[in-house]
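Peer 1: One structure is given below, represented as structure tokens, and several questions about it will come after.
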Amino acid sequence: MGDYGAVLSVNAGAAAPMRVQGDTIVSGFVKTPTDQVRRIEVGGLAGDDHVDDADDPDRAVLCYQRRHYDAWSEELGRELAPGMFGEQLTIDGPAEADIRVGDLLRVGSALLAVTQPRIPCRKMAVRLGQDDMPVRYMRSGRVGFFCKVLQPGDVRAGDGIELVRRGPDELTVAQLAAVLHSDEPDPALVGRVLQATVLPELVRAKLTRLLDRAAAQARSWSGDRPLLVTARTPYGSEVVAFDLVDPAGERLPDFEPGQFLTLVLDVPGREQPVVRTYTIAERTADSSGYRVAVKREPSPEGRDDVPPGLASTHLHDNVAVGATITARAPRGKFVLRPGRRPVALVSAGIGITPMMAMLEHLATADPTNGARTPDPRKTYFVHAARSSRELTFGQRVRELVSDRPHLHSHLLFSRPRAEDIQGRDYDAAGRLTAQTLQQIVPDLDADFYLCGPTRFMADIAAGLVGLGVPQGQVNYEFFGAASSLFGDPDDQDAGSEAVDSEGRPILVTFARSGITVAWRENTFSLLACAEQAGLRPDASCRTGLCNTCVARIDDGQVDYVIEPMDPVTPGKVAVCCTRPRTSVMIDL
């Protein structure tokens, strides 16, 4: 159909260790020109190691234009040999704005299809000795492109590149790069790009996630929202439940059972708002708002010099009916998973709050489809408290299980009061252990959800695993700083726990997941911290240029170890290249 240019160099390299951002990885990024005829197979260039994309046929061959080498040589003030950017083929070809996704190219005797722009990775900075190289690369628009191998064949330097057929969708590599690398892409534009017929599945999946995220934000709300306190209900001596509604009477959005609400509190005597998260226990009586339960946090035992909980004390003592509280949309991933296995909701103390939301849901709906069903999942609600004085929501639990055969409850009091009657106020005296659960839950092939003090959860989790329950069926949520209940083999490599300029521990709270972890000195970035905590946020370049990892920061201050390619929207951070200066709350 036409001349597309020529192959100027065929480049290959062997996988080797490379030190990147404090980690030693194995990479085939370093490539050098070869004069030999090389075979292009479906998996890529024969004799060349490419590690990160080895299993992705849509990124089998990377092409980079000689015109870009000329521009970089002038910008960097030095000559650059072919292969310096990790490409297999250095070509004399058109710019990204003239290359369509889906273009079919005859390269030597191989037939290739253009699939997507290249997103540079952190290895590029190491290879070229420029920390900001990935950012400069993306900002320049000189990104190159990946190809899929449709027909294997041979290639060598000097071979021509023939344009066999133009891509059917008129979507250029430059246009796709602009959408993929945008912090907040226009949903309408993403929708139009998704209509392209030749998008790789991984690219389509990423674009779909962008649309899903925008849709979720539309169903909920972004930023801060005032909520009106319409009721305060005390539960025992330590807990008060607050009913929160929209001041204008609008019904608040639905939430997943187990999610929490982020409250932004103006506490007297504090210059900055105090940000805390509290689980949504249930809907208000008229179903228009949320009910959150707040336990008054005392000073640590034996530490009268340490003040009691700042936020809980303020809510208990200062926030009355008629007050307005600032809140952020429901978040959290400690929610019911779809399935057919029985469910065991196991809690202690204030850990009962997410379990109540789950129990309310299981009382009326089947989580596999959200509809009322004649065959709901068997559910075992097991809770431990000291006595009826500390029990929260006990009456509501009894109401829910009283006429629903698929629901079962078991309340244990470790220190029942004289007026507590077994069989009426509680089911058994003693401590809750995995062995106790074995007696209560007939079939341990169940989905277990744990919430309560860390020691309590660790003992229960270890006991359940010891009884043969797979770790993947033991779900848990921390109140306070989190770690793995099953141990963290990489914990020592992360270094000691860091403190801020005033000597206070730096804590990182991932608001959407409900996890708080201590920041450690050897951790490179907030993204690395999230991954060490067991999260898997969307991320790609890890160098501040693709905007995949951008998340909202709800509280605290950060420093950039790598300056992002484009200014990040105020109130957000690129977690792949930031480190906390103070304790922070990130919307992940």
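Peer 1: Quick one: in the range 164-186, which of the residues that are more than 26 Å from Pro120 (Cβ to Cβ) and not in a loop (DSSP other than H, G, I, E, B) is most open to solvent (accessible area, probe 1.4 Å)?
Peer 2: So, considering only residues that are more than 26 Å from Pro120 (Cβ to Cβ) and not in a loop (DSSP other than H, G, I, E, B), the one most open to solvent (accessible area, probe 1.4 Å) is Arg165.
Peer 1: Is it the case, given these coordinates, that Arg276 is in a strand (DSSP E or B) and in contact (Cβ under 8 Å) with a residue 60 or more places away in the chain?
Peer 2: no
Peer 1: Which of (1) among the basic types (Lys, Arg); (2) touching a Pro at 6+ places or on another chain (Cβ under 9 Å); (3) surrounded by fewer than 18 Cβ atoms within 10 Å (Cβ to Cβ); (4) touching a residue at least 60 places away in the same chain (Cβ under 8 Å) does Arg59 not meet, given it meets every other one?
Peer 2: The single condition Arg59 does not satisfy is (3).
Peer 1: Would you confirm whether any residue within the range 244-263 is under 14 Å from His316 (Cβ atoms), open to solvent by 10 Å² or more (accessible area, probe 1.4 Å) and assigned to a loop (DSSP other than H, G, I, E, B)?
Peer 2: Initially, the range 244-263 is screened for residues under 14 Å from His316 (Cβ atoms), giving 263.
Subsequent filtering for residues that are open to solvent by 10 Å² or more (accessible area, probe 1.4 Å) retains none.
No, there is no match, as no residue in the range 244-263 is under 14 Å from His316 (Cβ atoms), open to solvent by 10 Å² or more (accessible area, probe 1.4 Å) and assigned to a loop (DSSP other than H, G, I, E, B).
Peer 1: Sticking with this structure for a sec: Pick out, from the range 505-587, the strands (runs of 3 or more DSSP E) lying fully within it that include 1 or more residues that are aromatic (Phe, Trp, Tyr), in contact with a strand residue (DSSP E or B) (Cβ under 7 Å, 6 or more places away or on another chain) and buried (at least 21 other Cβ atoms within 10 Å of the Cβ).
Peer 2: Numbers: elements: 507-510, 515-518, 550-555, 558-560, 572-574, 578-580, 584-586.
Strands (runs of 3 or more DSSP E) meeting the threshold: 507-510.
Peer 1: Would you check which residues across the range 116-152 are part of a strand (DSSP E or B) and either open to solvent by 10 Å² or more (accessible area, probe 1.4 Å) or out of contact with any Cys (no Cβ under 9 Å at 6 or more places or on another chain) (or both) and list them?
Peer 2: Applying the first criterion (part of a strand (DSSP E or B)) to the range 116-152 yields 116-117, 145-151.
Hits for the range 116-152 are Gln116, Pro117, Phe146, Lys148, Val149, Leu150, Gln151.
Peer 1: Scanning the range 359-384 for residues that are at pLDDT 85 or above and of a type in the set (Val, Ile, Thr), which turns out farthest from Val397 (Cα to Cα)? Talk me through it step by step, then tell me what you get.
Peer 2: At the first step, the residues of the range 359-384 found to be at pLDDT 85 or above are 359-363, 377-384.
Within this subset, residues satisfying the condition of being of a type in the set (Val, Ile, Thr) are 379, 382.
On the way: Thr379: 12, Val382: 10 Å.
For the range 359-384, the residue satisfying everything is Thr379.
Peer 1: Pairs under 7 Å by beta carbon, first residue at negative phi in the range 363-387, partner assigned to a strand (DSSP E or B) and modelled with pLDDT under 60, six or more apart or different chains?
Peer 2: Every condition considered, the pairs that remain are Ala365/Ala371; Thr373/Asp366; Pro376/Asp366; Arg377/Asp366.
Peer 1: Please give the number of the condition Val190 fails out of (1) under 27 Å from Tyr4 (Cα atoms); (2) at pLDDT 85 or above.
Peer 2: Checking Val190 against (1) under 27 Å from Tyr4 (Cα atoms); (2) at pLDDT 85 or above, the one that fails is (1).
Peer 1: Looking at the range 80-102, which of its residues are acidic (Asp, Glu), open to solvent by less than 30 Å² (accessible area, probe 1.4 Å) and over 11 Å from Phe146 (Cα atoms)? Walk me through it before giving the result.
Peer 2: Of the residues in the range 80-102, the ones acidic (Asp, Glu) are 87, 92, 96, 98.
Those left that are additionally open to solvent by less than 30 Å² (accessible area, probe 1.4 Å): 87, 96.
Glu96 - this is the single residue of the range 80-102 that is acidic (Asp, Glu), open to solvent by less than 30 Å² (accessible area, probe 1.4 Å) and over 11 Å from Phe146 (Cα atoms).
The values are calculated or read from the model by the stated rules, or taken from the named source; none is laboratory data. Please read all numbers here as calculations on a predicted model, not as lab measurements. Every residue, glycine as well, gets a Cβ built from its backbone with ideal geometry; the counts of neighbours run over all protein chains shown. Surface areas here come from the heavy atoms of the whole protein model, side chains and all, with no ligands, DNA or RNA. Shrake-Rupley method; radii C 1.70, N 1.55, O 1.52, S 1.80 Å.
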